[in-house]
Amino acid sequence: MTGKQRAQLRAMANGLETILYIGKDGITEGTVKEAYDALEARELIKGCVQQGAPLDAREALETLCEKTGAEPIQHIGRRFVMYRPSRENPKIIVE
């Protein structure tokens, strides 16, 4: 993914609400399933690492991207954004 494509996705992510939360249990199988399903439905999702979590946003982003086949887009503070085109019905066109 090029820097220009990543910048386009970052701009799109600005208006998104956070839908994925990583809590004190860290990344569980349920979290991975939730992220996978959300990526399939939305393609671009924003997540947040809660205060008591055992890992930071970068670690959470890397782990989730590895387990779901997604691309890391950005992480700032405790928030992160990831992208994966839908396998069945892609909606976001990345130029």
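Worth pointing out:
- Any chance ILE73 is β-branched (Val, Ile, Thr), touching a strand residue (DSSP E or B) at 6+ places or on another chain (Cβ under 8 Å), surrounded by 11 or more Cβ atoms within 10 Å (Cβ to Cβ) and not in a loop (DSSP other than H, G, I, E, B): yes
- Scope region 8-24; condition over 15 Å from PHE80 (Cβ atoms) and surrounded by 12 or more Cβ atoms within 10 Å (Cβ to Cβ); matching residues: GLN8
- Extreme residue, surrounded by the fewest Cβ atoms within 10 Å (Cβ to Cβ), among residues of region 35-70 that are over 20 Å from GLN8 (Cα atoms) and of a type in the set (A, V, I, L, M): LEU55
Each reported figure results from applying straightforward, stated rules to the coordinates on display, with no laboratory input. What you see is a predicted model, and the numbers here were worked out from it, not measured in a lab. Positions of Cβ are backbone-derived with ideal geometry, glycine not excepted, and every protein chain shown enters the neighbour counts.
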